[in-house]
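The values are calculated or read from the model by the stated rules, or taken from the named source; none is laboratory data. The structure presented is a predicted model; accordingly, all values stated were derived computationally and were not measured. Counting neighbours? That spans all protein chains shown, and the Cβs are built from the backbone with ideal geometry, glycine included.
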Amino acid sequence: MGRKNKLFSIGEISKYTGASIKSLRYYEEIKILKPAFIDPYSSYRFYSFDQIYLIDLIMFCIELDIPLKELAKYIDENETLDYSSLLAYGKKIAKKKMRTLQRGIEFIERVEQRITLAEKNQKAKKIYRQEIPEKSFYVIPYEKPLKGADLFELAKPFFEMEYGENVSYEFIEYGYMCEYSPSDIQRYAFMELPKINSDEILPVSLRGINPVPKIIPGGTYFCTQSETSQLEEAPQIFHKQLKGKTSKDRISFLAIETDILVSKYKVNKPLHELRVIAL
């Protein structure tokens, strides 16, 4: 009994450290926190005062998203903790987490800027001008006008794309576009290529479909907003802006339709922006 009086019960150590009893049992299971004493008759667990520091360290690792099984690598057979190596590893993880958070903040700020611009354009005339930089898209061609579920099914592979850690957080545009020429119309589903920290283009293969990278010209676009798709009506909607010329008048132009964000975003009925530019 004298030994027990110098130790904390599992309930007491849980209260002092904030670690749940279930968590303390799990730490023992994965061999990163062995109780100082286990009663051979009752199997009750007891912990020493010094183990509070190790429990605090474990909880710190959890906060940094360090897998606890990684922590076990820094404890040897004699229950000696390589504190210096663990701290160096924790510092590395913490810096990575800080970079991720900073990228997240920058992404939020860019989305806020897009919302402000979209709402400013809402107050403009029905058709407005917008300067849009050159973009890179992955495109998948399709042959005839599609609507609803067919459009979603065509674009669904884009949502299954996986990129590595080199990809920066960006507001990725996706949607549909038509490339009008005097002879025909080329239709595509598209997804904007995310920016990556190096200049390499990410090789992607989706369900046997190989999206083709395509450069979209920058410049002054004529735009309009609508709750319904108007992509196929682009030649009529922008008749004046294209100076009265359509593909029949031997002019080529690009029509792009994508969802845009506003403060009160209707999830089931998002706002579309239709853009055109002469090629």
Could you check how many residues of the range 111-120 are surrounded by 13 or more Cβ atoms within 10 Å (Cβ to Cβ) and among the charged types (D, E, K, R)? 2
Is there a residue in the range 213-224 that is at pLDDT below 85 and within 27 Å of the chain's Cα centre (by Cα)? yes
Only residues in the range 120-136 that are closer than 16 Å to GLU227 by Cα count as the first member; pair them with residues that are surrounded by 12 or more Cβ atoms within 10 Å (Cβ to Cβ) and hydrophobic (A, V, I, L, M, F, W, C), Cβ under 8 angstrom, at least 6 apart or cross-chain, and list the lot. ASN121/CYS223; GLN122/VAL262; ILE127/PHE222; ILE127/CYS223; ILE127/ILE237; ILE127/PHE238
Would you check if LEU101 is free of Cβ contacts under 8 Å to residues at least 40 places away in the same chain and loosely packed, with under 13 Cβ neighbours inside 10 Å? yes
Do any residues in the range 72-92 that are in contact (Cβ under 8 Å) with a residue 40 or more places away in the chain have Cβ atoms under 6 Å from those of residues that are not hydrophobic (A, V, I, L, M, F, W, C), where the two are at least six apart or on different chains, and which pairs are they? ALA72/LYS31
